[in-house]
1. Can you divide the C-alpha Rg of region B:200-242 by 2.2 N^0.38 Å and report the result to two decimal places?
2. Using the Cα gyration tensor of region B:161-419, with a ≥ b ≥ c the square roots of its eigenvalues, what is the shape: rounded (a/c below 1.5), prolate (a/b larger than b/c) or oblate (neither)?
3. Considering region B:168-237, what Rg and Dmax in Å follow from its alpha-carbon atoms?
4. Testing the spin-label approximation: label points 7 Å from Cα along Cα→Cβ at residue B:72 and residue A:94. State their distance in nm.
5. How do B:215, A:110 line up, fewest other C-beta atoms within 10 Å first?
6. Please state the equivalent ellipsoid semi-axes for region A:152-193: what are the square roots of 5 times the Cα gyration tensor eigenvalues, largest first, in whole Å?
7. Kindly put A:146, B:205 in sequence by how many other C-beta atoms sit within 10 Å of each C-beta, fewest to most.
8. Quick check: convex hull over the Cα atoms of region B:75-223, volume per residue in Å³, rounded to an integer?
């Protein structure tokens, strides 16, 4: 069903492209030059003057917002609000990558779980608020993720269980231009993968 | 049946029109006091799909250099110099007059115009050009460039393009290229994961950018004409902030593969990497001086983000910004004499320019969330990203800060503008 939908959208987009191209520009080399990305997760690209093209062919995207990807397949302790494992977001102060006291028990609980489940793998996703420049915020997000990772490693978690990626301010948890949004966006998300 | 299908196609094309043609409106505020009065008389034209004189009028007005005469105030509509009564335009206190006509010549269009000096009753410029239907807007911008250069002595930038990132919701990110007036936006890459930091190659034929499409950062170089692209950096950690060397052979970028973000120079032919900065702090956002000798970058090695300069061969690193608690994301003017930056003070982020000789800083915008400055290729304006009411849009400011224009996109957030060379 899902697949059928995708095929339909693709077909309509192609029709649109062809129909409009007929009435406008003409250079066949430009039309042929469109190099759609290959493999799941690749972006699709278009040559210039090539119409608006075909969008979002990706299936099985990450959806890694809010509480972690794949957490639903984990044990019930991950959804018990009284268990620190249910908390998978660590928040930070402005322009800082220091771990605040409140989050030390949360990180420790995840470390314990990872120690007990050595085949389990996590990605620490670093984020920042919208203020300041974007690439600097990418760097800041990575430092935040590394702060969490270094505590986990001190607690004995293996390097190979931890992946790090920083999205800076590119994937806000909350939209808005004030502190109530910003404080939710300065964060590291602990995302569990696999079973 | 064939009839029915044609109707469907026409409808689909019509639906796609707002997206490709009317993406934005432009709002100009301010202007220079010495703006020259210019009248662009609507060109004589029948059945021409593009209002060429209207585009020329809008281009010249947006530049801030001219005070454009309203059509309603015109007493006559000459289409060539021979029809002009110069006395009439002198009485209307116009310094310059643009007249012209467009003729349909079997599918092609013949466009001719003259730029006239009202007080000297003479011609400054006169051109006749041929254009296809698709090139009519481009022809209009070209006319604006010719007029602008004649009257100001500076190269016109109306024929250029801008690249920028736009998002519609969380999983729809696009890298687009549009004409400088925002028309004809075309998506050159789209992804459900973030796209960042578009940078034009010096020849304007390729764009480097960052994509998270594989759930980690990678840098791609895409050729605009074909849409073909190549992944040039995908190291563990950050792959960010690509910046072309002025000769187009190297890319300065940020990599954190050695533990913390550092500036590297990637040789595009040999793929060799030179590590430029070696601090244990954040070093990012490199830009080349136009002569290629120096790299300016953002570093928080002193505690807060400030701009530093190094030799592009490595070494000789020194701090160059000292006022404000946050200076980042530098952009060199084409002549290398000034540097635009994001200048933060007490949580207010504005665009400022620094004179490289005196190191004096002038703040050009009002904030509070201005970022990503990019110089026009003639150095007259700085394009940047701004935010109001939660939506990001593009703005431009003249280098003296007197003229502002706001490019308001009809939907979605728009950010990280880069003006083509």
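What follows draws every value from the coordinates through simple rules; no lab data is involved. No experiment lies behind these values; they were computed from the predicted model shown. Backbone-built Cβ (ideal geometry, glycine too); neighbour counts: all protein chains shown.
1. 1.15
2. Cα axes put region B:161-419 in the rounded bin.
3. Cα-based Rg and Dmax for region B:168-237 come out at 12.3, 39 Å.
4. Computed distance between label sites residue B:72 and residue A:94 equals 4.8 nm.
5. Fewest-to-most ranking of B:215, A:110: B:215, A:110.
6. Semi-axes, largest first: 28, 11, 8 Å.
7. In increasing order of surrounding Cβ atoms, one gets B:205, A:146.
8. In region B:75-223, the Cα hull volume divided by residue count equals 161 Å³.
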